[in-house]
């Protein structure tokens, strides 16, 4: 999954690598497997640790057109806005078959994102 994203965080755009060659971005499920989500690239995003934490807690989310949304419940919105890549859209794979499926993005907005 990280290969599809070239190791780059979909939210920040960062491609950080440690001295041992390990990527900072990690594979994150959009709809958790324990909630019935498949373990597939279409149900995943490459996210930095902080972006993954915020996504899992519903503090950030994605529209079907991949615009990055920030919850009104974020206590420090200017800091969150500062780490979002300048396009304000998720950076996703070029191949349509590897991009986040709208069904999973909708599930995340309905069940996780704090509006």
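Taken together, the values in this text are just the output of simple stated rules run on the coordinates, not laboratory data. All figures in this text were calculated on a predicted structure; none of them were measured in a lab. Here the Cβ positions follow ideal geometry from the backbone for every residue, glycine too, while neighbour counts run over all protein chains shown.
Annotations for the structure displayed:
- Peptides ranked, highest mean first, by Cβ atoms within 10 Å: ranges 47-55, 75-83: 47-55, 75-83
- As a proxy for reagent exposure, 114, 89, 31 were ordered by neighbouring Cβ count within 10 angstrom, fewest first; the result is 114, 89, 31.
- For the chain, adding -39500 (n - 2.57) for each run of n ≥ 4 DSSP H residues and dividing by the number of residues yields -6000 deg cm²/dmol at 222 nm.
- Extension gain, residue 17-residue 65: 0.36 nm per intervening residue step, less the Cα-Cα distance, totals 14.4 nm.
- Between the stretch 1-15 and the stretch 27-87, the alpha-carbon center distance in angstrom: 13 Å
- A value for Cα Rg over 2.2 N^0.38 Å was derived from the coordinates, and within the list [x] 1.46; [y] 0.99; [z] 1.34 it appears as [y].
- Contact order for the stretch 26-111, expressed relative to its length and based on alpha carbon pairs under 8 Å spaced 6+ residues apart, stands at 33 percent.
- Approximating the spin labels as points 7 Å out from Cα along Cα→Cβ, the residue 56-to-residue 98 distance works out to 2.4 nm.
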